[in-house]
Amino acid sequence: MNRIDLEGRRAVVTGGAQGLGRAIAERLAASGARVEIWDVQDATPTADVLGATARRLDLTDEAAVTAAAGAAGAVDILVNNAGITGGNAPTWEIAPDIWRRVMEVNLTAPYLTCRALVPGMVSRGYGRIVNIASVAAKEGNPNAAHYSASKAGVIALTKSLGKELAETGVLVNCVTPAAARTPIFDQMSPQHIDYMLAKIPMKRFLEPAEAAAMVAWLASEDCAFSTGAVFDLSGGRATY
């Protein structure tokens with residue numbers, strides 16, 4: 001594992017109890033960052049292993065996010081990873097409450113965390129924000145319009161915020177992973193999982209550690225001239 005220097009940095013990783021979020025939290029901690037996990041699930045077991053802090057909250061709750069930001073202190077790195085798929089169905093069969101919940105978790109929550117933490121980053125003249133989008137945001141997966149649209153929104157949020165903060169020392173980028181075999185697969189149909197694998201030229205799923213490596217670099221000082229950018233992690237599926 002290549003060493004990324006995050007010594008002295010304080011990082012918040014949302015959805016870090018398991019899956020990609022856990023791998024990201026592990027990599028940031030191994031790079032020297034003090035990690036705090038924000039998750040609707042109990043992330044204490046993960047945090048204990050990493051010597052991190054776990055904070056349980058609903059990331060779609062504005063007051064809860066604001067309170068967590070205040071308690072966290074000076075945060076240098078924010079990784080917006082928490083997300084849900086909302087299951088699989090044709091667009092016209094997706095229930096409105098499911099659509100709204102996917103938008104709230106996948107898009108509104110990153111907006112709320114950025115809203116809470118960006119002012120502090122700006123005042124200190126340094127920050128790194130990494131948003132986890134999806135290759136579905138680029139291509140639009142059938143039977144996953146709600147998920148695809150929410151992640152496309154994450155890309156747009158990244159681009160807009162990156163331009164707004166370009167002269168502040170706070171950089172905002174996102175990654176667009178292909179599917180990784182994590183607990184989020186439990187929310188998908190077997191047919192949809194097979195569809196995603198068939199679209200990847202490398203003929204395998206993403207390894208969480210591979211995503212974590214990309215995120216760690218984007219969260220570091222070595223990433224100094226990229227902002228508002230989208231980094232592909234799709235095994236050759238999306239090369240644009």
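The values are calculated or read from the model by the stated rules, or taken from the named source; none is laboratory data. In this text, all values refer to a predicted model and were calculated from it rather than measured experimentally. When we count neighbours, we look across all protein chains shown, and the Cβ atoms used for this are built from the backbone with ideal geometry, even at glycine. Ligands, DNA and RNA are stripped out before the accessible areas are found, and what is left, the full protein with its side chains, is counted by its heavy atoms. Shrake-Rupley method; radii C 1.70, N 1.55, O 1.52, S 1.80 Å.
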Exposed trypsin sites (Lys or Arg not before Pro) being those in a DSSP loop with at most 15 other Cβ atoms within 10 Å, the longest stretch of the chain free of them is 4-180
Between the modelled labels at residue 164 and residue 181 (7 Å from Cα along Cα→Cβ) the distance in nm is 4.0
Simple SL model, points at 7 angstrom along Cα→Cβ for residue 62 and residue 222; separation in nm is 4.0
At q = 0.11, 0.14, 0.16 1/Å the base-10 log of I(q)/I(0) from the Debye formula over the alpha-carbon atoms of the chain is -0.51, -0.85, -1.13
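Roughly what % of Cα-Cα distances in region 92-152 sit above 18 Å, to the whole percent?
Working: 842 of 1830 pairs.
For region 92-152, the share of Cα pairs beyond 18 Å comes to 46 percent.
Find the relative contact order for the chain and round it to a whole percent, using C-alpha pairs within less than 8 Å whose residues are 6+ positions apart.
21 percent.
Determine the calculated [θ] at 222 nm for the chain from helices alone, applying -39500 (n - 2.57) to every DSSP H run no shorter than 4 residues and normalising by the residue count; nearest 500 deg cm²/dmol.
On the way: 9 runs with 99 residues, N = 240.
When only DSSP H runs of four or more count, the value is -12500 deg cm²/dmol.
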Taking every C-alpha to C-alpha distance in region 15-105 and binning by 5 Å from 0, the per-bin percentages run 3, 13, 22, 22, 16, 11, 7, 4, 2, 0
Computed over the chain, protein heavy atoms only, probe 1.4 angstrom, the accessible area per residue in square angstrom equals 44
In nanometres, the difference between 0.36 nm per residue of separation and the alpha-carbon distance of residue 42 and residue 3 is 11.1 nm
SASA check, residue 147, accessible area w/ 1.4 Å probe, all protein chains in place, rounded to nearest 10 Å², comes out at 40
Among region 118-157, those whose backbone N falls under 12 Å of a label point 7 Å along Cα→Cβ from residue 89 are 144-146
The percentage of the accessible area of the chain (probe 1.4 Å, all protein chains present) made up of carbon and sulfur atoms, to the nearest whole number, is 53
